[in-house]
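Novice: Quick one: the structure is below, and I'll ask about it shortly.
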Amino acid sequence: MATLLGFSAILMWSLLALLTARSGAVPPFQMNAMTFALGTLVGVTWLAARPKGGVTLRETFRQPAPVWALGIVGLFGYHALYFAALRHAPAAEASLVAYLWPLLIVLGSAMLPGERLRWFHFAGALLGLAGAAMIIAGRASLDFSANHALGYGLAALCALFWSGYSLLSRRFGSVPSEIVTGFCAATAVLSLLAHGLFEATVWPSGTGEWSSVVLLGLLPVGAAFYVWDHGVKHGDIQLLGAASYAAPLMSTLVLVLAGEAETNVSIFLAAGLITAGAALAALPLFARLLVARRAAHAARKPGFRTD
């Protein structure tokens, strides 16, 4: 269940490109401040809906400094570095470098207690990366140049920040995912400060743009971070890492269905690579399901004993 919840975050992130494209000309840090404020409301609603008698509000937010540092640096740092990378390198190349984070999660998971990196995890992540590269290259030609080295470096840091946040979150598995409410609130405040320093304010115009901003805040920049936190803490983090390469594919398909992009053969090739990669990474899951099915079948046979 935790892995499925984590995958629902990937589904929500597939809406990011479409909703951002339809949100108008709002500057990045202003958009961050607005959407993370809405994401904070998602957590506040969750906290308010919790049954009484469980973990108190004080216990939820009374966490060690490393927990708060990890969450705030992870969420705000990732977005700040990504925006900075886009300022110093073409979007296609910066996006591809930044999208090394699923591969880094799969590789880094080998250092987590109880986890073991197998060849199919690594191969699955590489196939996913190849599929993501095909999707990104299909949107714009890739032309890596030393002139944009700073932008590539910032994008690499971006990948390190998000993979590090995801991996280290697992080490704080006992911390409730409601803590993400505080991470979102802090990210909104820091983004507002950055907006005041670096950007001019531009508000969305019309119902369509405002609706896109609200949906961004509720889903890809809201609920997605809560379920991702639960998924990486309690689910199959290696499978989630490899499956994350489905996000650019699904994002492109959403753009095609919405009439914002055209379909081409690279989409189908990328779909095959990403699906094969996810299937490889999920081999242990398939094996567990097969064993459970055989055990259930054997239990239904006459004369079967469990003692």
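The values are calculated or read from the model by the stated rules, or taken from the named source; none is laboratory data. Note that the coordinates shown come from a computational prediction; the quantities given were computed from them, not determined experimentally. All Cβ positions, glycine included, derive from the backbone under ideal geometry; neighbour counts span all protein chains shown. Keep in mind that these areas ignore ligands, DNA and RNA; they rest on the heavy atoms of the full protein, side chains included. Shrake-Rupley method; radii C 1.70, N 1.55, O 1.52, S 1.80 Å.
Novice: Do we find that Ser174 is under 21 Å from the mean Cα position of the chain (by Cα) and outside any helix (DSSP H, G or I) in this structure? Don't jump to the end; show me each part of the working.
Specialist: Details: under 21 Å from the mean Cα position of the chain (by Cα): yes; outside any helix (DSSP H, G or I): yes.
Criteria met by Ser174.
Novice: Still on this model: Check the range 47-62 and report whether any residue there is buried (at least 19 other Cβ atoms within 10 Å of the Cβ), in contact with an Asp or Glu (Cβ under 7 Å, 6 or more places away or on another chain) and either in contact (Cβ under 8 Å) with a residue 24 or more places away in the chain or not small (Gly, Ala, Ser) (or both). Outline the logic, then answer.
Specialist: Step one: of the range 47-62, the residues buried (at least 19 other Cβ atoms within 10 Å of the Cβ) are 60.
Among the residues that remain, those that are also in contact with an Asp or Glu (Cβ under 7 Å, 6 or more places away or on another chain) are: 60.
Keeping just the survivors that are either in contact (Cβ under 8 Å) with a residue 24 or more places away in the chain or not small (Gly, Ala, Ser) (or both) gives 60.
Yes, the range 47-62 contains a residue that is buried (at least 19 other Cβ atoms within 10 Å of the Cβ), in contact with an Asp or Glu (Cβ under 7 Å, 6 or more places away or on another chain) and either in contact (Cβ under 8 Å) with a residue 24 or more places away in the chain or not small (Gly, Ala, Ser) (or both).
Novice: Here's a check for you: in the range 177-216, which residue that is of a type in the set (Phe, Trp, Tyr) and in contact with a helix residue (DSSP H, G or I) (Cβ under 8 Å, 6 or more places away or on another chain) is most open to solvent (accessible area, probe 1.4 Å)?
Specialist: Initial filter on the range 177-216 (of a type in the set (Phe, Trp, Tyr)): 183, 198, 203, 210.
Right, trim to in contact with a helix residue (DSSP H, G or I) (Cβ under 8 Å, 6 or more places away or on another chain) and you get 183, 198.
Working: Phe183: 8, Phe198: 145 Å².
Checked the range 177-216; the qualifying residue most open to solvent (accessible area, probe 1.4 Å) is Phe198.
Novice: Tell me the residue from Ala125, Ala80, Ala94 that is within 19 Å of the chain's Cα centre (by Cα), buried (at least 20 other Cβ atoms within 10 Å of the Cβ) and at pLDDT below 85, please. Let's see the steps before the verdict.
Specialist: On the way: Ala125 fails: at pLDDT below 85; Ala80 fails: at pLDDT below 85.
Of Ala125, Ala80, Ala94, the one residue that is within 19 Å of the chain's Cα centre (by Cα), buried (at least 20 other Cβ atoms within 10 Å of the Cβ) and at pLDDT below 85 is Ala94.
Novice: While we're here: Being of a type in the set (Ser, Thr, Tyr), open to solvent by 40 Å² or more (accessible area, probe 1.4 Å) and out of contact with any Leu (no Cβ under 8 Å at 6 or more places or on another chain) narrows it down to one of Thr252, Thr275, so name that one. Outline the logic, then answer.
Specialist: Details: Thr252 fails: open to solvent by 40 Å² or more (accessible area, probe 1.4 Å).
Thr275 is the lone residue from the list that is of a type in the set (Ser, Thr, Tyr), open to solvent by 40 Å² or more (accessible area, probe 1.4 Å) and out of contact with any Leu (no Cβ under 8 Å at 6 or more places or on another chain).
Novice: Quick check on the range 1-31: of everything there that is modelled with pLDDT of 95 or more and polar (S, T, N, Q), which residue is surrounded by the most Cβ atoms within 10 Å (Cβ to Cβ)?
Specialist: Gln30
Novice: Would you confirm whether or not the range 37-44 contains a residue that is at pLDDT 85 or above, part of a helix (DSSP H, G or I), open to solvent by 50 Å² or more (accessible area, probe 1.4 Å) and more than 28 Å from Trp203 (Cα to Cα)? It would help to see each step written out before you state the result.
Specialist: From the range 37-44, those at pLDDT 85 or above are 37-44; that's our starting set.
Filter once more, so that each one left must be part of a helix (DSSP H, G or I): 37-44.
Then drop every residue that is not open to solvent by 50 Å² or more (accessible area, probe 1.4 Å), which leaves 41, 44.
Retained after the next criterion (residues that are more than 28 Å from Trp203 (Cα to Cα)): none.
Taking every residue of the range 37-44 in turn, none turns out to be at pLDDT 85 or above, part of a helix (DSSP H, G or I), open to solvent by 50 Å² or more (accessible area, probe 1.4 Å) and more than 28 Å from Trp203 (Cα to Cα).
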